[in-house]
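A short write-up of the structure that comes next.
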Amino acid sequence: MWLGTEAGLYRFDGLRFAAWKPSSGQQFRDSSVLSLCVARDGSLWIGFGSGGITQLRDGHFEKYSHADGVPTGGILSVVEDANGSIWAGGQYGLSKLDSGGWRQVGTELGYPAPGAQVIFVDRRGNLWVATDGFDFGLGKDSVRRNTILTLAANAKRFAATQEAVGQVWMMAEAPDGEVWIADTTGRTARPIMRQSGRS
């Protein structure tokens with residue numbers, strides 16, 4: 001089990017947690033780890049507080065920065081979708097890595113927000129994103145300006161859920177298939193009520 005902390009990357013071997021140290025001659029770009037994703041090929045994707053992503057595979061690094069198409073700023077969330085593409089999001093962008101390299105995701109895919117708080121993939125392969133930095137006009141107050149957008153498996157554009165949210169820290173799927181959010185603005189954990197992207 002891997003654990004990302006402000007003090008670095010830790011690994012649990014079944015008995016204890018130990019700080020993970022890179023091989024000789026390699027080093028992380030930052031000690032603050034904000035997000036982790038274990039891909040199906042066994043590699044570990046690491047998002048850092050100061051920006052940038054590192055793929056750790058068989059003890060070796062591959063580093064990606066904003067120059068490669070990764071969002072600037074801290075990487076808050078990294079996931080692998082049903083097709084094997086890696087998605088990364090943060091306050092200043094949402095990007096996707098597929099066979100053609102990293103590319104910024106925007107209005108061409110129906111994603112108008114400049115940032116992403118949390119990204120989640122459910123069991124059906126649908127991608128869910130809690131947006132950041134764009135007023136969708138759904139809330140009755142100035143705090144719940146963001147929303148949840150969803151991209152169905154193999155769809156070409158994101159669909160709106162019409163869910164008004166503020167700050168979202170986490171998404172998870174319940175056994176019945178409902179997608180839940182931890183909405184710290186309302187200090188609640190609740191299901192996404194209007195799931196227009198469900199299949």
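Considering the stretch 118-199, the qualifying strands (runs of 3 or more DSSP E), each wholly inside and each with 1 or more residues that are touching a helix residue (DSSP H, G or I) at 6+ places or on another chain (Cβ under 8 Å) and either surrounded by 17 or more Cβ atoms within 10 Å (Cβ to Cβ) or modelled with pLDDT under 90 (or both), run over 146-151.
Taking (1) farther than 24 Å from Y92 by Cα; (2) aliphatic (A, V, I, L, M); (3) modelled with pLDDT of 85 or more in turn, M1 satisfies each apart from (3). Quick check: anything in the stretch 82-98 touching a helix residue (DSSP H, G or I) at 6+ places or on another chain (Cβ under 8 Å), surrounded by fewer than 16 Cβ atoms within 10 Å (Cβ to Cβ) and without any contact (Cβ under 8 Å) to a residue 24 or more places away in the chain? There is no residue in the stretch 82-98 that is touching a helix residue (DSSP H, G or I) at 6+ places or on another chain (Cβ under 8 Å), surrounded by fewer than 16 Cβ atoms within 10 Å (Cβ to Cβ) and without any contact (Cβ under 8 Å) to a residue 24 or more places away in the chain. Among the residues of the stretch 71-89, the ones that are more than 19 Å from A155 (Cα to Cα) and either in contact with a His (Cβ under 7 Å, 6 or more places away or on another chain) or in a loop (DSSP other than H, G, I, E, B) (or both) come to 4 in all.
The values are calculated or read from the model by the stated rules, or taken from the named source; none is laboratory data. This one's a predicted model, so the numbers in the text were calculated from it and none came from an experiment. Cβ atoms come from the backbone with ideal geometry, glycine included; neighbour counts cover every protein chain shown.
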